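The values are calculated or read from the model by the stated rules, or taken from the named source; none is laboratory data. The model shown is predicted, which means the values in this text are computed figures rather than measured ones. Here the Cβ positions follow ideal geometry from the backbone for every residue, glycine too, while neighbour counts run over all protein chains shown. Only protein heavy atoms, including side chains, enter the accessible area calculation; ligands, DNA and RNA are left aside. Shrake-Rupley method; radii C 1.70, N 1.55, O 1.52, S 1.80 Å.
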Amino acid sequence: MDTPRVYRCEALVLRHRDSGETDRVLRVLSDRYGMFDVVARGLRRAASRRAGHLEPLTRVDLLLAHGRTYDVVTQAQARAVYRSLRESLELLALAGQAVDLVCALLPERQESAGVYRRLVWLLEQLDAASGGGRVALLFFVVGVLREVGFGIEAGRCVRCGRDLAADQDLVLSAAAGGAVCRVCAHDAGAVRMLDADATAVLRAVARGDWPAARRTAAEADLRTPLAAALDHAQYHSDQVLYARGFAAAVERLGERVVS
Amino acid sequence: MAEIETRSPSAIQNLVDQLNRLPGIGPKSAQRLAYFLMRCPREHAEELARAIVDVRARVVTCAVCQNVSDRDPCPICASPQRDPSLVCVVEDPLDVAAIERAHVFKGRYHVLHGALSPLDGVGPEQLRIRELLARLRDGEVREVIMATNPTLEGDATAMYLERLLQPLGVTATRLARGLPAGADLEYADEVTLARALEGRRPAS
Ligand SMILES: [Zn+2]
Ligand SMILES: [Zn+2]
């Protein structure tokens, strides 16, 4: 029996690139079929009725037809466009890093329903714009890393196995795969040292405890734990996360406006 | 459908590979073009080759607006008819051509040569933003119109520039966004509809 010519799925549009005169190739993460590329014909025409439904960071119901190189979008109806997120540079910078991470970590066409649910959750959190965008991104990054087998160990030293006291500030090594004790930190290469507040957040995040992460994050500067988590992702995926550069530029902009 | 197999002469294969690098040209189109160029009159093929060499040798970047031109400053920047206090910021040289075709804009342009991308990490240092800020320094420019594409990247670029311009006392405006001509309300997405409503005007 042949596979049906068309199929439906729900997806998040991650990226897009121009193709041909008026087409766009979209990288999507779907609920059922993982991450893959599809082509949307005529999407760059000003009068395309689908364009607004297929922008990056849109959650969309798709009807796809099997194609030779890429499957073809035949229908698209946006479920969520995350409008507040779209209108804030800071939130876009956070979402951009999440998308970049997903693209770096997931293989093509491999069912990744867990990562899909996490990304929907993150975009909803960011769009709600109730503050706490950075801790939501940290929770997402660490959760996705765990899901793809690169979890960050925060309870024991990943080198010698010694338990790390609950009140001890964490030292994280991307190459070692998580927290290292003071002794092992000496020859662990590049490390990031967290202060007490950041340690509390990272421990909650590593446990998957969102309420605790949210509560502890109010006090903490999350830049170091977030950088450590993204270093970890870069090291284990062996890919550069370029979206960090955009986020850094937005951060500099904030400083410039304030000063 | 006949495909070029490994037996294609290497000169053809080389041309196919070169054509294949062009935006929008897939392997199949590249083959078709290569065979066309092989069969067409020799002068046509030579004219094309010369045009490609020429464009790289003669086309320069206008130091004022960063657009591509055969002169520096470009005809638009050099024209006394164009209002120097009004600058329209676009992503690409093709956008300048598109706006010029409408014959309604009388100011000058600034070409960024791309857009910021939060998702792919294209940052401000990769665009001609420093050159734009330099143009604003002498106070001649009063208004900067953001005419970036209504995409995630174009919007991010406009938002970024607005923030940069704020402290400089230059008015930043954006193209009205909403329903394109010939569109059907029923099919409009939520963002487009919301923006069309925000941009409404008194009926006259
Ligand atoms: Zn140790
Ligand atoms: Zn010029």
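Regarding the range A:208-216, can at least one residue be identified that is aromatic (Phe, Trp, Tyr) and surrounded by fewer than 20 Cβ atoms within 10 Å (Cβ to Cβ)? Scanning the range A:208-216 turns up at least one residue that is aromatic (Phe, Trp, Tyr) and surrounded by fewer than 20 Cβ atoms within 10 Å (Cβ to Cβ).
Within the range A:113-153, the only residue that satisfies the criterion of being polar (S, T, N, Q) and at pLDDT 95 or above is A:Gln125.
The lone criterion from (1) within 16 Å of ligand 2 (Cβ to nearest atom); (2) over 30 Å from A:Leu89 (Cβ atoms); (3) touching a helix residue (DSSP H, G or I) at 6+ places or on another chain (Cβ under 6 Å) left unmet by B:Val64 is number (2). B:Thr171 satisfies every condition listed in (1) away from every other protein chain (no Cβ under 13 Å); (2) open to solvent by less than 70 Å² (accessible area, probe 1.4 Å) except (2). Count of the range A:172-189 residues, restricted to those that are free of Cβ contacts under 8 Å to residues at least 24 places away in the same chain and open to solvent by less than 20 Å² (accessible area, probe 1.4 Å), is 2.
When each of B:Glu153, B:Glu190, B:Glu162 is tested for being of a type in the set (D, E, K, R), within 11 Å of chain A (Cβ to nearest Cβ) and more than 16 Å from B:Glu91 (Cα to Cα), the lone residue that passes is B:Glu190.
Screening the range A:7-74 for strands (runs of 3 or more DSSP E) wholly inside it with 1 or more residues that are more than 10 Å from chain B (Cβ to nearest Cβ) and open to solvent by 40 Å² or more (accessible area, probe 1.4 Å) returns the ranges A:59-65.
All of B:Ala49, B:Ala78, B:Ala30, B:Ala63 fail the test of being farther than 24 Å from B:Arg130 by Cβ, more than 14 Å from every other protein chain (Cβ to nearest Cβ) and away from ligand 1 (no atom under 16 Å from the Cβ), apart from B:Ala49. Here A:Gly245 clears all of (1) under 16 Å from the mean Cα position of the chain (by Cα); (2) open to solvent by 70 Å² or more (accessible area, probe 1.4 Å); (3) free of Cβ contacts under 8 Å to residues at least 24 places away in the same chain except the condition numbered (2). Of all the residues in the range A:127-145, those that are part of a helix (DSSP H, G or I) and open to solvent by 10 Å² or more (accessible area, probe 1.4 Å) number 5.
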